Every structure is written in C-alpha cells, then in structure tokens.
Amino acid sequence: MMNEKMITIGVLTSGGDAPGMNAAVRAVVRTGITRGHRMVGIRRGYEGLLNGEVEEMKLRSVSEIIQRGGTVLYTARCEEFKTEEGLKKGVEMCHKLGIDGLVIIGGDGSFKGARNLSNAGIPCIGLPGTIDNDIASTEYTIGFDTAVNTVVESVDRLRDTSQSHDRCSVVEVMGRRAGHIAIYAGISCGAIATLIPERPYDLDRDVIARMRATLKTGKHHFIVIVAEGVGNTQEICSYIQEKTGIESRLTVLGHVQRGGTPTAQERVHASVMGFRAVELLEQGKGNRVVGIQNNRIVDYDINEALDMVKDIDEYLYKVAYEISI
Ligand code: ADP
Ligand code: F6P
C-alpha cells in the first residue's frame, strides 16, 4: 500500500542489545518501503546519530536478519545525548539528514532520549527492546522470550550434572533490578527456590528448609535460581553448602543470555511492533511507545509510559514458590 505523503523514517537500536531487535528493524524498514517512504538506518544508537552514522535502507538491506540475534545496526550507550548540547546536535543532525521521524528500539533510558527528541520537534516512536522485561507499559519486551529459553536450555544442562553428582546448582540470571527472567526460569526449570529483588526472602526458610524437606522425599539434586539484582550469589551458594552439606556450585550465565536466535514469539511480536511504529509515524503521531497488553498491540504517550510502574506477576511468583518442592 503506497502512502501519498512520502516521509523519511530513521531507525536505531539503543542500550543493551536483545534477540529480536533485528526482526523489529526489518519490520520497520519493510513496512516503510512498502508504503513508499524513505528509510534510513542509524548505527550505534544515539552516539551514531550525533556522528551522522547513517545508511540508506533498501528492501534487501534487511534480508537474512530475522533469525539473527544482536542488532545489525549495532548499539551503544551515549552520555552526550543526555545533555542539552547533545540533544541539540541530535535534532540538527535529523534536520540535516531530512529525517521526519524516528523509531527507537531500546529500554526506558532510550525512551527518555526519544521523549526529549520528540519534545524538540522530531517525532519518535519507542519499541521496547530488552531481555529484562522491565518496561511497565508492556507485558512483553523484545528479547525476553529468547533469553528465558536460553536460560532454560542452560539449566537443563546443569541439571544433568547436578543430578549425577547429587549437587545443588545455584544459577544467577540477568534482569538488572528485575526478577522476570528469574521467575519464568524458576517455573520452567523446576527450581527449588527462586530469589528475586522485588520480594524479601529468608534463606533458612525459603531455601534450606525446603531442600531438607525435599531430601526426605528422596530427591538429592537441586536448582536454585537467583536474579542478579539480589546480589551476593556466591555467598548464597556457600551458605547452602554449609547448611545442607550438599555440594553447591554457582553458575553465572551472564551475556550468553543476550545472544542467540530469536524465538518465533519474539519474531512475531517484534514484527508487529515494528509495523505499528511506522503506522503511527504515518499518522503524524510521535512521542509514543508501542507495547503488548493482553496479547494486543497498544501504544501510549511516552511520558505516561515512563511514569508507569511494573511489578512482578504475583500469581506466577506464587506458582513458582508453591510447586517447587
Ligand atoms: P536502556 O535503553 O536499555 O534503558 P540505557 O539506560 O543505557 O539503556 O539508555 C540508553 C541510552 O539512552 C543512553 O546511553 C543515552 O544515550 C540515552 N538516555 C538514557 N537516559 C536518558 C535521559 N535521561 N535523557 C536522554 N537520553 C537518555
Ligand atoms: O539490560 C540488559 C542487561 O543484560 C541486564 O540484564 C544486565 O544487568 C545488563 O544489561 C548488563 O549490561 P552490560 O551489557 O553493559 O554488561
């Protein structure tokens, strides 16, 4: 479908990379071109914008990327863009490059940059891209599903060796200050305990006593999932060994969680969100973020979205707790 008014749309990825970002970039570029717009890719997030690191995007520029993790546009963190001078430079660069609107794929920090640009006259649409799933305006962020699946696959491997040795595997997962990855992993991996920063815990009650009770039922190997935001993972691991006498090993999964082939769900959500971003810009809308709520595509004013607060899913947390025995 060709649009009567051709505009130039820029797309960039910012903050931590996440599997599925490429699928979103692809959707933005393809939708824009299909509708008759000029599409440009900006490399290395806001830093690249300030440096004018821009490439024209054609249909084939985004071939063979839907299945790739990372971001073909590269990503960066840019302190300068947070300053008034940096913002001014960014706006001037958009004018110089003829950019009428931008799609910013990233987390809350990137959305703040998008809000500033929108307020300065460059309409921006934010797409939630982070493995942490810590953006309040959406139930789902691009990268979360793949990261959880990567954790599950890794823990399944750890389980094999834990079982063979009658050990306890303490697994530290990412999430920054949030425990969403941990809860999904805890349920999916049958962890005896899942510790997250959003809820207080008592090691003796929530881990040690449960392990002792489980030992009596004949199970001798354990998985404990700890969100990185909890901190002190090595101390937790040593404490478990000391109190239960069960050999315990810590595995910090780290950046392996950020890479890999995006899942089908990731690709679908990212594609729909990318499509929606172009629709909004075409309608002359800016300063909005796109998300998924109740399995439907939604969009909010960026300020409204940034003011929202996200908690963990209490019901999922309860499930993780009650069936881990
Ligand atoms: P994320 O987008 O994943 O939350 P960051 O918080 O690192 O990651 O933010 C990514 C980039 O967004 C920063 O490097 C900076 O360029 C920009 N940014 C972050 N916070 C602000 C802010 N308050 N104002 C303007 N730009 C910001
Ligand atoms: O926000 C994504 C994330 O992977 C967090 O889970 C983690 O705390 C952080 O980024 C790691 O950041 P860096 O890649 O800068 O080490």
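Compute the convex hull volume of the Cα atoms of the chain, divide it by the residue count, and report the result per residue in Å³ as a whole number. Display every interim value, and only then the final one.
On the way: hull volume 39.9 nm³, N = 325.
Given the Cα convex hull of the chain, per-residue volume reads 123 Å³.
What dipole magnitude, in Debye to the nearest 20, does the range 1-147 give about its Cα centre under +1 on Lys/Arg Cβ and -1 on Asp/Glu Cβ? Intermediate results must be reported in sequence, preceding the final value.
Values: 17 positive and 18 negative charges, 106 e Å.
In debye, rounded to 20, the range 1-147 gives about 520.
With angles folded into 0 to 90 degrees, how steeply does helix 233-244 sit against the dominant principal axis of the chain? Use alpha carbons for both and round to 10.
With both axes taken from Cα atoms, the answer is about 20 degrees.
Per residue of the range 265-271, what does 6.51 cos²θ - 1.76 cosθ + 1.60 with θ = phi - 60° give for ³J(HN,Hα)? Whole Hz please, x for Gly and Pro, Karplus curve as stated.
Computed from phi, the couplings for the range 265-271 are 4, 4, 5, 5, 4, 5, 5 Hz.
So for the chain, taking the charge dipole from beta-carbon charges (+1 Lys/Arg, -1 Asp/Glu), which of Thr244, Ile135, Gly36 sits furthest toward the positive end?
Towards the positive end, the residue furthest out is Gly36.
Give the residue from Ser63, Gly286, Gly106 lying farthest towards the positive end of the charge dipole for the chain; charges sit on Cβ (+1 for Lys and Arg, -1 for Asp and Glu) and the dipole is referred to the Cα centre.
Working it through, the farthest residue towards the positive pole turns out to be Ser63.
Any lysines with Cα under 28 Å of the Lys89 Cα? List them, leaving off those in the same chain fewer than 8 positions away.
Reachable lysines: Lys5, Lys58, Lys112, Lys285.
Along each of the three principal axes of the Cα atoms of the range 107-187, give the extent in whole Å, ordering the values from largest to smallest.
62, 18, 15
What number comes out for the charge environment of Thr31, summing +1 per Lys or Arg and -1 per Asp or Glu over other residues with Cβ under 10 Å away?
So the surrounding residues net to +2.
Treating only the Cβ atoms of Lys and Arg (+1) and Asp and Glu (-1) as charged, compute the dipole magnitude of the chain about its Cα centre; round to the nearest 20 debye. All intermediate terms of the calculation are to be shown ahead of the outcome.
On the way: 38 positive and 42 negative charges, 128 e Å.
Here the size comes out at about 620 debye.
Give me the Debye-computed log₁₀ of I(q)/I(0) at q = 0.14, 0.21, 0.24 Å⁻¹ for the range 28-132, equal point scatterers on Cα only, no solvent, two decimals.
The Debye formula, applied to the Cα set alone, gives -0.53, -1.22, -1.54.
Could you work out [θ]222 nm for the chain from helices alone, using -39500 (n - 2.57) per DSSP H run of at least four and dividing by all its residues? Round to the nearest 500 deg cm²/dmol.
The helix contribution divided over the chain gives -12500 deg cm²/dmol.
Helix 144-165 versus the longest principal axis of the chain: what is the Cα-based angle in degrees, 0 to 90, to the nearest 10?
Computed tilt is about 20 degrees.
Using a simple charge model, +1 on the beta-carbon of Lys and Arg, -1 on the beta-carbon of Asp and Glu, nothing else, what dipole does the range 84-182 show about its Cα centre, in debye to the nearest 20?
Numbers: 10 positive and 14 negative charges, 61 e Å.
Charge dipole, the range 84-182, about its Cα centre: 300 debye, nearest 20.
If you roll a 1.4 Å probe over the chain with all protein chains in place, what percent of the accessible area is carbon or sulfur? The partial results should precede the final answer.
Working: 6880 of 14400 Å².
For the chain, the apolar C and S fraction of the accessible surface comes to 48 percent.
Within a Cβ distance under 11 Å of Ile183, other residues only, what is the Lys/Arg minus Asp/Glu net charge?
-1
Quick one: check the C-alpha center-to-center distance for the range 1-49 versus the range 291-305, whole angstrom.
19 Å
What list of ³J(HN,Hα) couplings, whole Hz, do you get for the range 114-128 from phi and the Karplus terms 6.51, -1.76, 1.60, once you set θ to phi - 60° and write x for glycine and proline?
These are the phi-based 3J(HN,Hα) values: 5, 4, 4, 5, 4, 4, 8, x, 10, x, 10, 10, x, 10, x Hz.
Under 5 Å between amide H atoms, partner at least 5 residues away or on a different chain: which partners does Val298 have, H built in plane at 1.01 Å?
Gly291, Ile292, Gln293
I need to check one value: relative contact order of the chain, counting alpha carbon pairs closer than 8 Å and at least 6 residues apart, in percent.
23 percent
The values are calculated or read from the model by the stated rules, or taken from the named source; none is laboratory data. Every value quoted in this text rests on a predicted model; they were computed, and no experiment measured them. When we count neighbours, we look across all protein chains shown, and the Cβ atoms used for this are built from the backbone with ideal geometry, even at glycine. Note: accessible area is taken over every heavy atom of the protein model, side chains too, but ligands, DNA and RNA are not part of it. Shrake-Rupley method; radii C 1.70, N 1.55, O 1.52, S 1.80 Å.
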